[in-house]
Ligand SMILES: [Ca+2]
């Protein structure tokens with residue numbers, strides 16, 4: 001994920017990279033959960049766990065000397081423990097997220113950074129085949145252009161996650177990764193700082209992403225994603241390139257749908273050539289035609305706020321950005337911010353349904369239970385509106401004669417609760 005911070009976790013399993021401080025804010029933390037402080041007897045339990053972890057790490061190739069040096073005397077970070085334990089009750093609406101992700105300040109700072117780093121970015125764009133404005137947008141979302149990288153000690157934060165809680169498997173793998181960074185001499189011990197969930201540096205790489213993709217671009221022997229911009233941009237470009245990003249192709253285009261558009265004929269995973277979408281009546285939101293786009297390029301249709309909000313055709317570069325952070329909102333923010341940075345219109349023309357209220361966790365579970373009661377299968381009622389829930393929602397909407405956009409809003413829940421049982 002570009003950044004591993006609090007809320008991005010609410011959008012699915014741990015991402016491969018960190019998402020931004022911002023993306024973290026996508027869901028508001030629920031607040032007053034009672035937490036058990038990890039003290040007293042827990043400290044002894046942590047130490048016992050640590051000894052077992054050291055043995056496992058040795059078997060995975062980490063040297064005993066390094067483990068003794070770095071983990072002896074390690075303690076739980078109780079702040080990290082609490083953050084990890086916090087289940088968000090409310091999700092942020094995508095328009096609220098985008099307001100912050102693509103704010104005037106972030107746009108202005110992005111244009112400034114783009115101008116300042118023009119020569120450096122041009123060289124990296126050429127080397128990796130990734131558009132400079134996309135690199136700047138990710139930089140802006142991940143760390144506010146290097147300003148907010150997090151100052152949690154990564155080893156201690158990851159040891160805390162690996163010990164106990166919802167992310168032990170993630171924490172364990174990343175802790176091993178962080179130790180291997182030190183063993184390889186890629187970064188200094190005092191540099192290993194980041195978010196509470198272990199995402200580090202100006203691009204918020206988690207340790208395994210760092211190991212696989214971080215680059216020593218200036219040839220000083222270190223992959224410095226904290227303070228060396230050659231390394232920062234090259235690492236990000238390398239990751240995007242390996243994720244399938246191709247330069248000079250668009251991430252997506254906002255479209256207008258015909259009034260009678262049948263969403264049920266366009267599930268979100270369907271990739272079709274632009275020409276086929278044009279035949280189905282789609283038009284570019286700015287200008288009427290899609291003719292300026294490659295008519296053979298495969299595109300998916302996304303309507304993140306349902307039929308009443310803006311829709312976009314997104315291309316393979318959008319999917320490459322999703323590998324950085326598996327959130328549609330994040331990938332849209334990267335695309336829009338990159339457009340703004342490069343001097344193109346940065347915001348959607350279509351209006352977001354701002355009067356809609358995002359559903360709470362309990363309401364999302366209620367929606368799933370109601371779908372089940374109505375004879376549709378949304379999967380377990382876990383409050384996560386994933387592919388299965390959206391599919392069931394679309395099927396119910398179609399059966400009820402509503403636009404089958406799979407969008408879960410308060411209005412959807414009301415309609416569903418008022419619908420007759422089969
Ligand atoms: Ca370097």
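Structural remarks
- Residue tally, condition under 23 Å from the mean Cα position of the chain (by Cα) and surrounded by fewer than 15 Cβ atoms within 10 Å (Cβ to Cβ), over the range 381-413: 3
- Selection from the range 219-233 of residues that are near the ligand (Cβ under 8 Å from one of its atoms) and either surrounded by fewer than 23 Cβ atoms within 10 Å (Cβ to Cβ) or part of a loop (DSSP other than H, G, I, E, B) (or both): 219, 220, 221, 222, 223, 224, 228, 230
- Screening the candidates 203, 236, 209 for the property of being crowded, with 23+ Cβ neighbours inside 10 Å and more than 16 Å from the ligand (Cβ to nearest atom) yields one hit, 209.
- Residue check, residue 264 part of a helix (DSSP H, G or I), more than 16 Å from the ligand (Cβ to nearest atom), more than 27 Å from residue 345 (Cα to Cα) and touching a residue at least 40 places away in the same chain (Cβ under 8 Å): yes
- Long-range neighbours under 7 Å by Cβ, at least six apart or interchain, first residue assigned by TED's automatic domain parsing to the domain that holds residue 139 and without any contact (Cβ under 8 Å) to a residue 12 or more places away in the chain within the range 209-235, second in a loop (DSSP other than H, G, I, E, B) and near the ligand (Cβ under 6 Å from one of its atoms): 228/218
- A single member of 299, 329 is more than 15 Å from residue 274 (Cα to Cα) and either part of a helix (DSSP H, G or I) or touching a helix residue (DSSP H, G or I) at 6+ places or on another chain (Cβ under 7 Å) (or both), and it is 329.
- Hey, residue 216 within 14 Å of the ligand (Cβ to nearest atom) and more than 30 Å from residue 403 (Cβ to Cβ) or not: yes
- The residues on offer are 198, 244, and the sole one that is more than 14 Å from the ligand (Cβ to nearest atom), in a loop (DSSP other than H, G, I, E, B), at pLDDT 95 or above and within 23 Å of residue 56 (Cβ to Cβ) is 198.
- Selected residue (only one of 340, 335 is part of a helix (DSSP H, G or I), more than 18 Å from the chain's Cα centre (by Cα) and at pLDDT 95 or above): 340
The values are calculated or read from the model by the stated rules, or taken from the named source; none is laboratory data. Here the structure is a predicted model, which means the values were calculated and not measured. Positions of Cβ are generated from backbone atoms using ideal geometry, with glycine treated the same way; all protein chains shown enter the neighbour counts.
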